[in-house]
Structure formats: C-alpha cells, structure tokens
Amino acid sequence: MQDILTCAMGLDVHRDIIVACLAKGEIGSDPEIEIRSFSTLIPEMKKLRDWVVESDCHHVAMESTGIYWQPIYEILEPCFNGEINILVVNARHMKNVPGRKTDMRDAQWIATLLRAGLLKGSFIPDKAFRELRHLTRYRKSIAHDITAQKNRIDKFLQSSGFRFTAFLSDAFGASGRNIIRHLIQNGSIDRAALDKCLKTQTRKRIDQILVALNGSLSTHQRSFLAMVFGHLETLDTHRKAIEDAIANEILKHSKEFDLLCSIPGIDVTAAAAIIAEIGTDMSAFPDSQHICSWAGLSPGNNESAGKRKSTHINKGNPYLKSMLCEIGWVISGKRTLYLSGWYWRIKQRKGAKRATIALARKLLALIYTMFKTGAPYNEDCLEQRRKRCERKWAHRMVNELQKLGYMVVPPT
C-alpha cells in the first residue's frame, strides 16, 4: 500500500474502551507507531482529544460501532477549529485478517488503511441536522408508543365485551374518545348519552354501536381504563410538543422545506424527517445513485461465473427509507399523478413491495435533483417526459415491424 498521509490515527471503539493507534512518519518510510488506551468516560475522551491536538493529527478514522462513536465524534469535531477530517467507516470495509485479531492490531490496521487513503467515510451531517434528528426520530418512537397504547386499550375493551371499535373508522377519534371517557365515569352508556358522544356521520350507526356497548365495567375495570387512557392522552400531548419543536426548527431551512412540500404527499412531518436525515448540502453525494445506495434503496451486485444471483436492497438508513415508503403509499392512492401512474405500472410487473421501494428510490432521486438545482417539483414536466418516452418506444416498435415487412403507420 502506498502511503499518502504523514500522520493518521485509527480508533478501535468499544462500549467501555477506546484503543487509539497513531501512525506518524514520512511517506515511503515505516511510520512510528504509538498505541494508547482510553476509557469512554468524558475525562478520558478529553485526554484523547488533547493527544490528537498535541500530535497535530488532522486525520482520524474509526468504526461505526453502534452509537459508541457519536460522543467521540462530538468531542473531536471542534479540534483545529473544525479543520480535522474524521472518518466514520463501515466495519465490513476494513476487516482485519482472521486469526490475528486484537484491539491493538485493529487500531493499527485502521491507521494503516487511513494513511494509504483506502478508507471512505460514511455521511455525517452537520451538527444542526444531527440535533434535528433527535426530534424527528424521537417523534417516530413516540408515534409507535401511541399505536401500541391504542392497541392495548382496544384489546382491553374487546376482552371486556365492548366491541364498538368495529363500527368506527377511527376508534380513537372524537366519537371514540367521548365514549371511552363516558365509560370511565359511569361504567355503562345508554342511548341518550351515546347520541351526545357520537359526532357527524357516526350517528347513522347508533343502533349497531349501542348493541356493541351493551355491558358495564366494574370499578377495577374503570380505574384501569382510566389509567391506560390517561397515558394515551399524555403521549398525544407529548407528541404535539415534539411536533411544535420540529416546526420551529424546520423554519431555519425554509427554502428546502418549500421544495419538499411541492411534492404531493409530503407534509411538515415528512419534510422535517427527510431534511434531518440527508441535510440540505448534496455535495457529499456525487450523484443520485450514491444517495439512493446510502439510504438502502439500491440492490446489491452478486455475480459469479457470469451468473447474476438474487440480491436484496441493503440496510441503509431505516428512518429515511421508511419515511419515503410512507410517502410512496400516499402517492399511490392519488391516481391522477404521474408518480402514481408510474407506481401502478411497476406494480403490475414486479408486485406491490418492489413497486413501493422503486417509488421511494425515484422520490429520493427527485429530492436530490431538487436540492441540487433549487427547482420545485413540476408534474407537467414529468408527464411530458413520459409521453416522449412512449413516443420513442412506439417509433422503435414501428421500425422493428417495418423491417419484418409489416406495413405500419408510425404514430404522430
């Protein structure tokens, strides 16, 4: 391996210990190796930072081991007024030789690869976007908690003989919550009270709902229902507070936010999640194919002896991938859109799951181009492009048929 750096440091990161290897020397000669171990406590990580500064080491590489690399990255990022190159590398890209593996040798191997310029760091957004990620990812986990709590309440009501949730499109909408509150207070409900609880169109099914509510709750059941329903309302209030904080943060990126909202199916929550995951500067990705691969929306290559084997998409960024798939499901229901028509054409050939992933990839490529050019989403341009492609395909088929001797009139 040909060295291109005079000073490099490799970090082997674990939960409780950090093994650092400093490789320093002239290019073309064997470097001087110095290995030190630090704990993952703040004072010890500050000693690591001081060693990096004293050694004038501007190039550091470490494995992307769970979340253990994050505090190290945070404490090294301000070194040299930000003029430091910190690479967080996928562990499978720098595996050491099996059978000779120790923490010291791993750190030295990382430093050796870094000096030779053979490591490629993962995409790490700026600190402002990493802080926005805390809010968007936390909102996602709270949304999962709310869904789990709703399922818990529904299961309890079903086991207690109350099956009114089958007659409401949203069992936890205004009507459903009014019924639950009345049951907590009284343990049972009559027709007059039910009529007050129901809203709008649900009154048309009042007889069916009344039959499903023909029962009563004991004192214990009422207290337990009050407990779990109160927790649900607390989670709803907490989610609203998180969404307000996200809305305040997203105002700092109003230009990119407006670009994203020009795509049908993207709202404030989706736009904030996308900006938090990929940032606004697309210079880290050479083209749209790179960002799609980073997000886990590109299939791998597995070819041997001229045969291509089945491959699946990689893991990538699960937060971005799931959000784009949710947007794709929303778009697929709007039949008048170009993207919706594209989705249904893919679905007929490949199936729903592959069509959803394909649409998510197409959306990410569009977002990449929009952020690069600053141009909003334009439905008419995409539709015109589709028509041009159809005309080219039709002319190609006509030429093939004419070569075979068929008299076919080319389309206009």
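The values are calculated or read from the model by the stated rules, or taken from the named source; none is laboratory data. Please read all numbers here as calculations on a predicted model, not as lab measurements. Every residue, glycine as well, gets a Cβ built from its backbone with ideal geometry; the counts of neighbours run over all protein chains shown.
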Exercise. Based on what the data block shows, is ASN301 over 20 Å from the mean Cα position of the chain (by Cα) and at pLDDT 90 or above?
Worked result: no
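Take the conditions under 26 Å from ILE146 (Cα atoms) and assigned by TED's automatic domain parsing to the domain that holds ARG139 and apply them to GLU233. Does it pass? Can you show your working first?
Working: under 26 Å from ILE146 (Cα atoms): yes; assigned by TED's automatic domain parsing to the domain that holds ARG139: yes.
Against the criterion (under 26 Å from ILE146 (Cα atoms) and assigned by TED's automatic domain parsing to the domain that holds ARG139), GLU233 qualifies.
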Exercise. If the Cβ limit is 6 Å and pairs must be 6+ apart or interchain, which residue in segment 28-49 that is in the same structural domain as ARG115 (by TED's automatic domain parsing) pairs with which residue that is in a loop (DSSP other than H, G, I, E, B) and surrounded by 11 or more Cβ atoms within 10 Å (Cβ to Cβ)?
Worked result: PRO31/GLY25; GLU32/GLY25
Exercise. Of the residues LEU339, LEU359, LEU366, LEU320, which is surrounded by 13 or more Cβ atoms within 10 Å (Cβ to Cβ) and at pLDDT below 90?
Worked result: LEU339
Exercise. Are there any pairs with C-beta distances below 6 angstrom linking a residue in segment 208-225 that is in contact (Cβ under 8 Å) with a residue 40 or more places away in the chain to a residue that is part of a loop (DSSP other than H, G, I, E, B) and of a type in the set (Val, Ile, Thr), with the two at least 6 apart or on different chains, and if so which?
Worked result: LEU213/ILE189
Exercise. Quick check: anything in segment 261-284 part of a helix (DSSP H, G or I), in the same structural domain as THR336 (by TED's automatic domain parsing) and exposed (fewer than 14 other Cβ atoms within 10 Å of the Cβ)?
Worked result: yes
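For ASP154, indicate whether it is touching a residue at least 12 places away in the same chain (Cβ under 8 Å), assigned by TED's automatic domain parsing to the domain that holds LYS46 and either farther than 24 Å from ILE250 by Cβ or in contact with a helix residue (DSSP H, G or I) (Cβ under 9 Å, 6 or more places away or on another chain) (or both). Spell out how you get there, then give the answer.
Values: touching a residue at least 12 places away in the same chain (Cβ under 8 Å): yes; assigned by TED's automatic domain parsing to the domain that holds LYS46: no; either farther than 24 Å from ILE250 by Cβ or in contact with a helix residue (DSSP H, G or I) (Cβ under 9 Å, 6 or more places away or on another chain) (or both): yes.
No, not satisfied.
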Problem set entry | Contacts under 7 angstrom Cβ, first residue in segment 247-270 being farther than 17 Å from THR373 by Cβ and small (Gly, Ala, Ser), partner at pLDDT 90 or above and in a helix (DSSP H, G or I), 6 or more apart | ALA247/VAL268; GLY265/ILE327; GLY265/VAL330; GLY265/ILE331; ALA270/MET323; ALA270/ILE327
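Any chance segment 298-315 includes a residue that's in a helix (DSSP H, G or I) and surrounded by 14 or more Cβ atoms within 10 Å (Cβ to Cβ)? First the steps, then the outcome.
Narrowing segment 298-315 to residues in a helix (DSSP H, G or I): none.
No, there is no match, as no residue in segment 298-315 is in a helix (DSSP H, G or I) and surrounded by 14 or more Cβ atoms within 10 Å (Cβ to Cβ).
Is it the case that segment 222-230 has a residue that's out of contact with any Cys (no Cβ under 8 Å at 6 or more places or on another chain), buried (at least 19 other Cβ atoms within 10 Å of the Cβ) and modelled with pLDDT of 90 or more? So that I can check it myself, show each step before the final result.
Of all residues in segment 222-230, those out of contact with any Cys (no Cβ under 8 Å at 6 or more places or on another chain) come to 222-230.
Still in the list and also buried (at least 19 other Cβ atoms within 10 Å of the Cβ): 225, 229.
Going one step further and asking which of them are modelled with pLDDT of 90 or more, we end up with 225, 229.
The answer is yes; a qualifying residue exists.
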Exercise. If you scan segment 172-192, which residues turn out to be loosely packed, with under 15 Cβ neighbours inside 10 Å and out of contact with any Gly (no Cβ under 9 Å at 6 or more places or on another chain)?
Worked result: GLY173, ALA174, GLN185, ASN186, ASP190, ARG191, ALA192
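Given ARG133, ARG100, ARG139, which one is at negative phi and at pLDDT below 90?
Details: ARG133 fails: at pLDDT below 90; ARG139 fails: at pLDDT below 90.
That would be ARG100, the only listed residue that is at negative phi and at pLDDT below 90.
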Exercise. Where residues in segment 23-43 are within 20 Å of PRO71 (Cα to Cα) and either among the small types (Gly, Ala, Ser) or within 35 Å of the chain's Cα centre (by Cα) (or both), which of them is surrounded by the most Cβ atoms within 10 Å (Cβ to Cβ)?
Worked result: PHE38
For this session: Restrict the check to segment 174-190 and report whether at least one residue is at pLDDT 90 or above and within 30 Å of ASN378 (Cα to Cα).
Result: no
Exercise. Name the pairs whose Cβ atoms lie under 6 Å apart, with the first residue in segment 110-128 and touching a residue at least 24 places away in the same chain (Cβ under 8 Å) and assigned to a loop (DSSP other than H, G, I, E, B), the second surrounded by fewer than 18 Cβ atoms within 10 Å (Cβ to Cβ) and among the small types (Gly, Ala, Ser), and 6 or more positions between them or separate chains?
Worked result: PHE123/ALA284
